[in-house]
Amino acid sequence: FTGRLMPGRRWSDGLHQAVEAKEGVRIRNENQTLATITLQNYFRTYNKLAGMTGTASTEADEFKKIYNLQVVTIPTDKPSIRQELSDRIYQKERAKFQAVIKQIEKLYREQRPVLVGTRSVEKSEFLSKMLRERGIPHTVLNAKYHEKEAQIVAQAGQRRAVTIATNMAGRGTDIKPEDGVETLGGLFVIGTERHESRRIDNQLRGRSGRQGAPGAAQFYVCLQDELMRIFGSERIASLMERLKIPEDEPIEHPWVTRALERAQQQVE
């Protein structure tokens, strides 16, 4: 889920060799696994366990069931005033990405910084291509450009900054808004797809509105997204068909957001 390169990691059971053959590179020998242990069992070999994360509450049941650990929620130093807007759901991926580009254009005109989270390198580069065609300056943060990460993150809170990123920017990244940005509404975070894990979505949301600063977050989803294909798309699709909603018109309602969160809980 990190969106980062993992040097030295190789798939097992001949899968890596098959990919090497497909890509026409040198096929290396398969690693030999002498022993394995799950992370859960490995952690339980320790007498004392503790941890700290900003998204532990969504996994409270797992911590209790597997490790017999209670999750304690520590109140924030300052109350959060981040706007968490309802998800916007479209029928087709094309309409979804066009709506995302339209929102980015609006925020760019308002001189407001925007962080756009994508699930893959492919999707981040697809959005980048659309922005280039519209003439909107932006930066891309994904596994291909990881060496520029510090520089990109440092500039992501400036006026008119448009940053397209994979999960790299969603974890442990503190984007500091430029002076005066708070009066514009702060950093606006756009998620282009719901992840199977609520924790990943919450981490992306948490890039804006930090330390009591203003900010906003909103997810754009479509019925062709992976999570929607697995859960719930038929019901929503039939509703949109009955209401004769055009492809480029979204459904935006709190019950849609709740339905997506229930789907994520089923996956988890």
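A 27 angstrom limit on the alpha carbon distance is what I want to check against. Which of Lys123/Lys148; Lys78/Lys176; Lys96/Lys148; Lys48/Lys148; Lys106/Lys129 exceed it? Walk me through the numbers on the way to the answer.
On the way: Lys123/Lys148 19 Å; Lys78/Lys176 16 Å; Lys96/Lys148 29 Å; Lys48/Lys148 38 Å; Lys106/Lys129 18 Å.
From Lys123/Lys148; Lys78/Lys176; Lys96/Lys148; Lys48/Lys148; Lys106/Lys129, over 27 Å: Lys96/Lys148; Lys48/Lys148.
Of the peptides 55-66, 96-107, 188-199, the order by per-residue mean of other Cβ atoms within 10 Å, starting with the highest, comes out as 188-199, 96-107, 55-66. Note on Lys22: aspartates and glutamates with a C-alpha under 17 Å away, same-chain residues under 8 apart excluded, are Asp13, Glu30. Each label was represented as a point 7 Å from its Cα along the Cα-to-Cβ direction; for Lys48 and Ala154 these points are 3.8 nm apart.
Per the Debye formula with a single identical scatterer at each Cα and no solvent contribution, what log10 I(q)/I(0) holds for segment 1-153 at q = 0.11, 0.19 Å⁻¹? Taken in order of the listed q values, log10 I(q)/I(0) reads -0.83, -1.23.
Here, the chain yields an orientationally averaged convex hull projection of 17.8 nm² when only Cα atoms define the hull.
Counting only DSSP beta bridges with both residues in the chain, the antiparallel share comes to about 5 percent.
No value in this document is a laboratory result; all are computed from the given coordinates. As the structure is a prediction and not an experimental result, all values here were calculated from the model. Please note: Cβ atoms are built from the backbone with ideal geometry, for glycine as well, and neighbour counts cover all protein chains shown.
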